[in-house]
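Participant: Below is one structure. I have some questions about it.
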Amino acid sequence: MRDHNKAFCRLVSESFDCPGPVFEFGSYQVEGQLDYADLRSFFPGKEYVGCDMRPGPGVDRVEDVSAISLPEGSVGTVLCIETFEHVFEVRRAFDEVYRILKPGGLFLITSPLNFRIHGYPDDYWRMTPNCLRRMMAPYAARLTGYQGYHAFPHSVMAIGFKAPAPGNFAGRADDLVLRYRAWLDEARENLSLGQKVRRGLSQVYRSKGERRQISAYYSAEFTIDVAPTLARAG
């Protein structure tokens, strides 16, 4: 789990009422991320169940997100933070998450795009921003976006509410985007002197494409989509 994905999850939890129970798929805390990757504190007072393909740190229940053994409409919030690149039946996983969500339930997903191959235990997919936006189309209200250079972002992220969605979704989503961009600005400003020097030097000896990637690392763009009836309700 990377810092910006954790920050996005926290800001979503602060911006929206995330109904319980909360199920995280991909909750296994790999070596070096013990406790850091624990998102439970973002959802105080909510039942929280960490799920993964294998038992281990952070895992309360062994589940395959592409074949979830939970009844339809039984989960309030689903989190998949840097998980779906490791799921071979990825389209089925999207369908399964939608199936188990209650009406009014929330799905939060982040996934890498321009990122090294990494195996926990394996790595299969990368989604473009438009791919993720289409995958989220069944949700009544969606916020989808990316972080990084627009031609090849390093991360994609989205939230979606299964109907009925909050009537004030667009306003809250706008506020979330502003808060996330503020976090990114702060993260960039708080880089160590050494990191800032390395970023500066990279603009001298790196290729044009690499310079663009580094320069835009803390940039983010988002699209809000709402069902027509929800947009009229405002």
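The values are calculated or read from the model by the stated rules, or taken from the named source; none is laboratory data. Here the structure is a predicted model, which is why all the values come from computation and not from measurement. Please note: Cβ atoms are built from the backbone with ideal geometry, for glycine as well, and neighbour counts cover all protein chains shown.
Participant: Find all pairs meeting these conditions: Cβ atoms under 7 angstrom apart; at least six residues apart or on different chains; first residue within segment 148-166 and on the phi > 0 side of the Ramachandran plot; second residue of a type in the set (Phe, Trp, Tyr).
Facilitator: Short answer, once both residue conditions are applied: GLY148/TYR217.
Participant: I'd like the residue in segment 192-223 that is modelled with pLDDT of 90 or more and surrounded by 13 or more Cβ atoms within 10 Å (Cβ to Cβ) and, out of all such residues, is farthest from the chain's Cα centre (by Cα).
Facilitator: This residue is ALA216.
Participant: Counting only residues that are on the phi > 0 side of the Ramachandran plot and either surrounded by 13 or more Cβ atoms within 10 Å (Cβ to Cβ) or in contact with a Pro (Cβ under 9 Å, 6 or more places away or on another chain) (or both), how many does segment 2-34 have?
Facilitator: Count: 1.
Participant: In this structure, is GLY105 touching a Gly at 6+ places or on another chain (Cβ under 7 Å), buried (at least 21 other Cβ atoms within 10 Å of the Cβ) and closer than 29 Å to LEU70 by Cα?
Facilitator: Answer is yes for this residue.
Participant: Residues in segment 43-68 that are surrounded by 11 or more Cβ atoms within 10 Å (Cβ to Cβ) and touching an Asp or Glu at 6+ places or on another chain (Cβ under 8 Å): how many?
Facilitator: 13
Participant: May I ask you to list the residues in segment 71-80 that are crowded, with 16+ Cβ neighbours inside 10 Å and not β-branched (Val, Ile, Thr)?
Facilitator: GLY76, LEU79, CYS80
Participant: Within segment 128-179, which residues are within 25 Å of PRO103 (Cα to Cα) and part of a loop (DSSP other than H, G, I, E, B)?
Facilitator: If the condition is that a residue be within 25 Å of PRO103 (Cα to Cα) and part of a loop (DSSP other than H, G, I, E, B), then MET136, ALA137, PRO138, TYR139, ALA140, LYS162, ALA163, PRO164, ALA165, PRO166, GLY167, ASN168 are the ones that fit.
Participant: Separate question: Being surrounded by fewer than 16 Cβ atoms within 10 Å (Cβ to Cβ), assigned to a helix (DSSP H, G or I) and either among the small types (Gly, Ala, Ser) or touching a helix residue (DSSP H, G or I) at 6+ places or on another chain (Cβ under 6 Å) (or both): is that true of ALA182 here?
Facilitator: Here the answer is yes, as ALA182 does meet what is asked.
Participant: Only one of these conditions is not met by TYR98: (1) out of contact with any Ser or Thr (no Cβ under 8 Å at 6 or more places or on another chain); (2) surrounded by 14 or more Cβ atoms within 10 Å (Cβ to Cβ); (3) under 22 Å from ALA37 (Cβ atoms). Which number is it?
Facilitator: (3)
Participant: Please go through segment 1-39 and give me each residue that is modelled with pLDDT of 95 or more and of a type in the set (D, E, K, R), ordered by number.
Facilitator: Across segment 1-39, the qualifying residues are LYS6, ARG10, GLU14, GLU24.
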